[in-house]
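Colleague: Got a structure here, written out as structure tokens. Questions coming.
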Amino acid sequence: MTGPNGSGKSTLLAAIAGWLPATKGQVRVLGKPVRAGTVPLEVGLAIQEVTLYPRLTGRENLSLFGFMYGLHGTELDARAEEMLERFDLGRWAGRRASTYSAGVARRLHLAISFIHRPAVLLLDEPTQALDPLARQVLLQSVAELLGQGTAVVITSMNLADLEQLAHRVLVLVEGEQRVHEETARLVHRLGSAVVEVELGEGGQDVDLDGIEGVLSWSVEELVLKAQVANPARTLPAILQRLERKGLIAGRIEVRPPSLEQLLLELVPTS
Amino acid sequence: MTPLARIARLFEHETRLILTNPRLLLAIVGLPLVLTLLANLTFSPQAAAPDRLGVSDQDSTTLSKKVASQLLAWKGLTTLSLAAAENPQGYANAHPDVVVVVLPKGLEASVLQGSAVSLQTFVNRRGSRQDALATTAISNAGVEISAVATAVAAARLRAARARTSEDAAATTAERDALTKFQIGRTRNQTTLVGAAQPATTLTPQAQFATVTALSLLELVALLLAFSMASEHENSRLRRLLWTRLSLPEVIVARALAAWVWIMLALAIVLVISIAAGMSAGPNVPLLVVISMVVGLALSGYTVLIMGVGYAARQIFQAVGAILTVGVGAVGGSLLPGASLPGFVAGIGRVTPNLWASQAYRAVLVQGDTGGALWTPLGVLVLMALLEALVGALLIRRALRQV
């Protein structure tokens, strides 16, 4: 799930979890309606704010929450160890959470959400404020859960996370669903590349209609942006047309497409 | 996994959080320790000694020396002689335990004329007013001086009638009178009886029942509430409630943890007070029961303040502190209940302080062992439940917001 600030991602996640009541419609998780005010035990929810007991160690935090989820004895110990290993927390298990870096704290936060092995995991901005290395470790952990059959709903402003993890993407803008489709199809729809060309005078009159492989195009401030399916095949045709009209003035760039680009197109600018 | 097991686990967790918080631990244990010791020193039941008597002889004559020597030898009084140059008023002002009497210049001359002169006395208002012995001695000295003056006046009258020397008769009469001069002879006598009074009007029992226990324990309750509803706690508690744990279980576990720590603080207060001379009353088990119920009421108060903490994080420390001081003042723990205006005293009836104070006074001061206790104890239990309920509702409301 992605969208600009205030688009309703966290609210929707809270409604899916059952923490907030749905103002209309109905939420079903694993086919069962969700009762507002309670989070089903089949759901693991990790909100944006990292919620740990700072004076407890990582293992103690896991143990407390695990116990409250109904685990006890050797089962609880084993599950806590499994979480420490899965989220690469072994080195920090015996240290107080107050000493953790942001990345380690967030991984423990995530581990707590998963200690009772929920079928559905809801993660709100899990990579927020993480350095690239910590982000990769966390994304890897989530990818493993996905690989093992856990359904994960993840919200992120970092679209690269979604491109890396998500099978489907939902784009929310001002509480409205703008896009909801499989990531692969969406990326295909966006094209496999974006061609940007700086145009000279008269550039606003450019016309790429009829060029095979051009999915869409626009000109803003004398910069042409075209989504193309196959840049190797389409780029020469574009450049040929522009050159014929003497419109090429400077930089020519070919970039891979991104969800960010999609978001920019969907969000109304004020 | 039963609710009881979850409550026990959360109770252990909450207790542990307090144990791993040195500042809070220090406050919970140190506050009752230091303040009870201070309160017991302030309201010390140590006997106030009788005031000393200072004699300033500014006449330095046969008569004045006689008076001074007898005052200085007054039985049961610690006395001292002031130098003639010493300012008697200044001395009394500087020494609150000294009553200063002045034998004024011209005392003997006046007596030889047949009239007595008043003795001037200085008593410091800051003194403990243990001046009965000193004022009796001074009063008796005044009466004896008057007797000498009367004898001299009579001798002068006789001499005048006999047309002999009045002055010679006066001198002789004075000398005769002085041979019998004895200020402790037949005059007023004061004997101090009974136990010595403490410096304040509060007995240790009343002090414990009214001031020390309640105001201290409310501070401890406040600190516990601050700790339990600390920064980021909304999110942590919300997350705990996404497990099998329910809000009532959380409330019970936390109230129980608060109760244990409040009981520890109360035990410290009790032990120090008893060691400092407070009587535990005629029924110690009853004192323990009252303390347990008072602890319960304060646990409810902890949950209430905690509820304010979740519902209004920005202002809750200020609200909690104001509420606690206000409850202490209106409930008669910080200000004397009897001196409060009627409507304020009425408000005091909805504070645990007033009822806890009533229960403690009944058993500690009045020696009650039965009937009079049930009403305050019942009210305290109801208050505990009501406060916990309001606190729980506030928490529930706060946790429903994103």
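Colleague: Which residues, counting only those in segment B:354-402, are away from chain A (no Cβ under 14 Å) and part of a loop (DSSP other than H, G, I, E, B)?
Modeller: B:Val365, B:Gln366, B:Gly367, B:Asp368, B:Thr369, B:Gly370, listed by residue number.
Colleague: Being in a strand (DSSP E or B) and open to solvent by 100 Å² or more (accessible area, probe 1.4 Å) is the filter here, so list the residues in segment A:203-214 that pass it.
Modeller: Here is the first cut: in segment A:203-214, the residues in a strand (DSSP E or B) are A:214.
Result: no residue meets the conditions.
Colleague: Now for a different question. Quick one: A:Leu12 ticks every box in (1) open to solvent by 50 Å² or more (accessible area, probe 1.4 Å); (2) facing chain B (nearest Cβ under 10 Å); (3) part of a helix (DSSP H, G or I) except a single one, so which number is it?
Modeller: The failed condition is (2).
Colleague: Report yes if B:Ser279 is hydroxyl-bearing (Ser, Thr, Tyr), over 35 Å from the mean Cα position of the chain (by Cα) and farther than 23 Å from B:Leu223 by Cβ, otherwise no.
Modeller: In short, no.
Colleague: Could you look through segment A:15-40, keep only residues that are within 8 Å of chain B (Cβ to nearest Cβ), free of Cβ contacts under 8 Å to residues at least 24 places away in the same chain and of a type in the set (A, V, I, L, M), and pick out the one that is farthest from B:Thr20 (Cα to Cα)?
Modeller: Top of the filtered list is A:Leu20.
Colleague: Any residue at all in segment B:302-312 that is at pLDDT below 90 and surrounded by fewer than 21 Cβ atoms within 10 Å (Cβ to Cβ)?
Modeller: Taking every residue of segment B:302-312 in turn, at least one turns out to be at pLDDT below 90 and surrounded by fewer than 21 Cβ atoms within 10 Å (Cβ to Cβ).
Colleague: Another question, if that's okay. Could you tell me which residue of segment A:165-188 is nearest to A:Glu253 (Cα to Cα), considering only residues that are at pLDDT below 85 and surrounded by fewer than 16 Cβ atoms within 10 Å (Cβ to Cβ)?
Modeller: A:His188
Colleague: Here's a follow-up. Looking only at segment B:94-125, filter to residues that are part of a strand (DSSP E or B) and polar (S, T, N, Q); which one of those is least open to solvent (accessible area, probe 1.4 Å)? First the steps, then the outcome.
Modeller: Just the residues of segment B:94-125 that are part of a strand (DSSP E or B), to begin with: B:98-103, B:120-122.
Next, only the ones that are polar (S, T, N, Q) stay: B:120-121.
Working: B:Gln120: 103, B:Thr121: 55 Å².
Only one residue tops the list, namely B:Thr121.
Colleague: I need a count of the residues in segment B:338-354 that are touching a Leu at 6+ places or on another chain (Cβ under 8 Å) and either more than 17 Å from B:Ala221 (Cα to Cα) or of a type in the set (Lys, Arg) (or both).
Modeller: 1
Colleague: Only one of these is open to solvent by 30 Å² or more (accessible area, probe 1.4 Å) and within 14 Å of chain A (Cβ to nearest Cβ): B:Leu37, B:Leu19, B:Leu41, B:Leu26. Name it. Step through it out loud before you land on a result.
Modeller: Values: B:Leu37 fails: within 14 Å of chain A (Cβ to nearest Cβ); B:Leu41 fails: within 14 Å of chain A (Cβ to nearest Cβ); B:Leu26 fails: within 14 Å of chain A (Cβ to nearest Cβ).
Within the list B:Leu37, B:Leu19, B:Leu41, B:Leu26, the selection yields B:Leu19.
Colleague: Can you tell me which condition B:Leu4 does not meet? The list is (1) hydrophobic (A, V, I, L, M, F, W, C); (2) away from chain A (no Cβ under 14 Å); (3) open to solvent by 50 Å² or more (accessible area, probe 1.4 Å), and all the others hold.
Modeller: Among (1) hydrophobic (A, V, I, L, M, F, W, C); (2) away from chain A (no Cβ under 14 Å); (3) open to solvent by 50 Å² or more (accessible area, probe 1.4 Å), B:Leu4 violates only (2).
Colleague: Quick one: what pairs do we get from segment A:174-187, first residue in contact (Cβ under 8 Å) with a residue 40 or more places away in the chain, second of a type in the set (S, T, N, Q), C-beta under 7 Å, 6+ apart or different chains?
Modeller: A:Glu174/A:Ser7; A:Gly175/A:Ser7
Colleague: Please list, ordered by residue number, the helices (runs of 4 or more DSSP H) wholly in segment A:95-202 having 1 or more residues that are within 14 Å of chain B (Cβ to nearest Cβ) and over 21 Å from A:Asn5 (Cα atoms).
Modeller: In segment A:95-202, the matching helices (runs of 4 or more DSSP H) lie at A:102-114.
Colleague: Considering only segment A:102-136, state which residues are at pLDDT below 90 and surrounded by fewer than 16 Cβ atoms within 10 Å (Cβ to Cβ).
Modeller: Correct list: A:Ala102, A:Ala129, A:Asp131, A:Pro132, A:Leu133, A:Gln136.
Colleague: How do the helices (runs of 4 or more DSSP H) wholly within segment B:168-255 filter down when requiring 1 or more residues that are of a type in the set (A, V, I, L, M), modelled with pLDDT of 85 or more and closer than 22 Å to B:Leu298 by Cβ: which remain?
Modeller: Counting at least 1 such residues, we get B:213-228, B:233-241.
Colleague: Look at segment A:41-59 and say how many of its residues are open to solvent by 30 Å² or more (accessible area, probe 1.4 Å), closer than 23 Å to A:Val142 by Cα and either assigned to a loop (DSSP other than H, G, I, E, B) or within 9 Å of chain B (Cβ to nearest Cβ) (or both). Please lay out each step first, then the result.
Modeller: Applying the first criterion (open to solvent by 30 Å² or more (accessible area, probe 1.4 Å)) to segment A:41-59 yields A:41-42, A:48-50, A:54-55, A:59.
Those still in the list that are closer than 23 Å to A:Val142 by Cα too: A:41-42, A:48-50, A:59.
From what's left, either assigned to a loop (DSSP other than H, G, I, E, B) or within 9 Å of chain B (Cβ to nearest Cβ) (or both): A:41-42, A:48-50.
Going through segment A:41-59 one residue at a time, the tally reaches 5.
Colleague: Could you check how many residues of segment A:62-88 are at pLDDT 90 or above, touching a Leu at 6+ places or on another chain (Cβ under 8 Å) and more than 10 Å from every other protein chain (Cβ to nearest Cβ)?
Modeller: Counting residues in segment A:62-88 that are at pLDDT 90 or above, touching a Leu at 6+ places or on another chain (Cβ under 8 Å) and more than 10 Å from every other protein chain (Cβ to nearest Cβ) gives 5.
Colleague: Please verify whether A:Asp77 is of a type in the set (D, E, K, R), without any contact (Cβ under 8 Å) to a residue 40 or more places away in the chain and open to solvent by 10 Å² or more (accessible area, probe 1.4 Å), treating the condition exactly as stated.
Modeller: yes
Colleague: Being in contact (Cβ under 8 Å) with a residue 24 or more places away in the chain and open to solvent by 50 Å² or more (accessible area, probe 1.4 Å) is the filter here, so list the residues in segment B:351-397 that pass it.
Modeller: B:Arg361, B:Val365, B:Thr369, B:Val381, B:Leu385, B:Leu386, B:Val390, B:Leu393, B:Arg396, B:Arg397
The values are calculated or read from the model by the stated rules, or taken from the named source; none is laboratory data. Note that the structure is a prediction, hence the values are computed from the model and not measured. Neighbour counts are summed over all protein chains in view; Cβ atoms, including those assigned to glycine, are modelled from backbone coordinates with ideal geometry. Note: areas computed on protein heavy atoms with side chains; ligands, DNA, RNA excluded. Shrake-Rupley method; radii C 1.70, N 1.55, O 1.52, S 1.80 Å.
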